[in-house]
1. Which option, (1) 2, 11, 15, 13, 10, 8, 7, 6, 5, 5, 5, 4, 4, 3, 2, 1, 0; (2) 2, 9, 9, 8, 6, 6, 7, 6, 5, 5, 7, 11, 12, 5, 0; (3) 2, 13, 26, 25, 18, 10, 4, 1, 0, is the value of P(r) over Cα pairs in 5 Å bins from 0, in percent that was calculated from these coordinates?
2. When you count, for each residue, the other Cβ atoms within 10 Å and take the mean per peptide, how do 35-47, 78-90 rank with the highest first?
3. Compute, for the chain, the length of the dipole vector about the Cα centre, with Cβ point charges of +1 (Lys, Arg) and -1 (Asp, Glu) only. Units Debye, rounded to 20.
4. On a C-alpha basis, how far is the centre of the range 2-30 from the centre of the range 63-87 in Å? Whole number, if you could?
5. Cα-based Rg (one decimal) and Dmax (whole number) for the range 7-58, in Å?
6. What do you get for the angle between helix 37-49 and the principal long axis of the chain? Use alpha-carbon atoms, 0 to 90 degrees, nearest ten.
7. Farthest toward the dipole's positive end in the chain, which of M80, W43, T62, given Cβ charges of +1 (Lys, Arg) and -1 (Asp, Glu) about the Cα centre?
8. At a threshold of 8 angstrom on Cα-Cα distance, excluding pairs fewer than six apart, so keeping six or more, what relative contact order does the chain reach in percent?
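Here, each number is a calculation from the coordinates, and none is a lab measurement. Because the structure is a prediction, the values reported are computed rather than measured. Note: ideal-geometry Cβ built from the backbone for every residue, glycine included; neighbour counts use all protein chains shown.
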Amino acid sequence: MTRKKKYSKEFKLDAVNLVLEQNYTKAAAARSLDVNPNLLGRWVKEFEEDDGHAFRGNGKLTPEQLELRQLREEVKRLKMEKDILKKATVFFAKEMK
């Protein structure tokens, strides 16, 4: 079984630079760097779409992803609080009777 080769952020940025700024074709740049042209194409696409957050590494979130995670945690907490209040209301309503 072959292991996935990992490339550093700097290597990826240099490879993208060859294509975008130095006008190499993806195929020529990939050949000179000894990487798959499809992989280089994916790096270029990610770089163009990610507004400077490309190649973050594992576990590093974009600001949008971080905000979404925080909002989901807040929604979960608020739902739990609401359920506790419902149960407390039912409990005290029984006590009043």
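1. (1)
2. 35-47, 78-90
3. On the way: 22 positive and 16 negative charges, 163 e Å.
Roughly 780 debye for the chain.
4. Spelled out, the Cα-based centre of one part sits 41 Å from the other.
5. Reported Rg and Dmax, both Å: 10.1, 30.
6. It works out to around 50 degrees.
7. Farthest towards the positive end: M80.
8. Values: 35 pairs, mean separation 17.7, N = 97.
This gives 18 percent for the chain.
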